[in-house]
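Following: one structure in C-alpha cells, then a few remarks.
The values are calculated or read from the model by the stated rules, or taken from the named source; none is laboratory data. Computed from a predicted model, the values in this text were never measured in an experiment. Methodologically, a virtual Cβ is constructed for each residue, glycine included, from the backbone with ideal geometry; neighbour enumeration extends over all protein chains shown. The protein model used for the area step is the full one, side chains on, heavy atoms only, and it has no ligands, DNA or RNA in it. Shrake-Rupley method; radii C 1.70, N 1.55, O 1.52, S 1.80 Å.
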Amino acid sequence: SKDPTIKFLMENLLKLGCKPPQGFINCIDCGNKKAGAGFGMIEETILSSSASSSSSSTNDDNNDNNTNIMTREEEKEFNHRQTKPKCQQTLSDLQNQIKAQNANKIKLRLLPEIFLCQQHLVNQEHSNQSLVHELIHAIDLCRTKMDPINNCIHMACTEIRAENLSGECGIVREMVNGRIRNFKGHGSECVKRRAILSVEANPNCKVKAKDYVDVAFERCFKDTFPFDRHPNLR
C-alpha cells in the first residue's frame, strides 16, 4: 500500500521483532459475514479425543476423569470447522470453540493474520482504514501478551485503540452515516460505541461488554502507540 500510515505500522511491526508471516494480509470473499475486515485466525489444538483414549483403561477411576475427552460428535464438529474458511466461521462456531476450551478439550491460540472482505469495502479510504484498524491489533499482539479470546479487558483495550487510531470514527464518515448528535466529544462516543459492538462479538465478553470497555477506556483511548500522537493530529 502507498498509504503512509499503513507503511508506518508495518515498519513498526518489524522494529518490534514481529516479522509478518507469509499470507499475513489477504483480500478474500467473506460470504455473508458483515465485516470490512478482521484480525486473528483461531488455531485449535485437540488436547484429548475419543480416539486417543480408546486404548486406555476403562476402570471406574479412569471413567471419572473422562469429562475432558472429546466425544465423536465434538470431533466431527471440530473437523468441520477446519474445512471452513476462517473468516466465514459463525458465532456458533466460536461458542463451541470456547465451550470446548473451558472443558479442557482443546486449546485456542490467536494467529496474527488479517483478512479484508472484498465485497464489503466500498472504496480505497475504507480499505485503508480497515487495514490500519487490523494492524493496530497486530501491534498490540506483538508488544504484549494480549489474549483477547479469554481476557475481555485485553479485547476491549485493543478495540478501543483500533477504533480510535484507524480514522473509522472520523467526523466526515460519521456524518455520512448519520450518527452525529453533537460534535463535542463525538469522537470518543463513536470509539466507545464501536468498541462495545466488537467486544460483544466474543461470547466470553458479550454480557458485560460495556463494562469492559468502560474500565479500559480512559487508559487505552490515550494510548497512541506506535504514534507519538493521534495520527489525525500529525
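With respect to the conditions (1) at pLDDT below 85; (2) not in a strand (DSSP E or B), GLY17 falls short on a single one, namely (1).
Number of residues in region 13-32 that are open to solvent by 60 Å² or more (accessible area, probe 1.4 Å) and in contact with a His (Cβ under 8 Å, 6 or more places away or on another chain) equals 0. Kindly indicate whether any position in region 155-174 is of a type in the set (S, T, N, Q) and either within 20 Å of GLN22 (Cα to Cα) or in contact with an Asp or Glu (Cβ under 6 Å, 6 or more places away or on another chain) (or both). Yes, the conditions are met somewhere in region 155-174. Restricting region 100-114 to residues that are touching a Phe, Trp or Tyr at 6+ places or on another chain (Cβ under 8 Å) and either assigned to a strand (DSSP E or B) or among the β-branched types (Val, Ile, Thr) (or both), which is modelled with the highest pLDDT? Once the filter is applied, the top-ranked residue is ILE114. If I filter region 135-155 for residues that are within 17 Å of the chain's Cα centre (by Cα), among the polar types (S, T, N, Q) and over 18 Å from GLU43 (Cβ atoms), do I get at least one hit? Yes, there is a match, as at least one residue in region 135-155 is within 17 Å of the chain's Cα centre (by Cα), among the polar types (S, T, N, Q) and over 18 Å from GLU43 (Cβ atoms).
Summed over region 112-131, residues that are open to solvent by 40 Å² or more (accessible area, probe 1.4 Å) and either touching a Cys at 6+ places or on another chain (Cβ under 6 Å) or among the hydrophobic types (A, V, I, L, M, F, W, C) (or both) total 2.
When ARG161 is tested against (1) modelled with pLDDT of 95 or more; (2) open to solvent by 60 Å² or more (accessible area, probe 1.4 Å), exactly one condition is not met: (2).
Taking every residue in region 69-88 that is more than 24 Å from GLY40 (Cβ to Cβ) and surrounded by fewer than 12 Cβ atoms within 10 Å (Cβ to Cβ) and pairing it with any residue that is modelled with pLDDT under 80 and not β-branched (Val, Ile, Thr), at least 6 positions away or on another chain, the pairs with Cβ-Cβ distances below 6 Å are ARG72/SER50.
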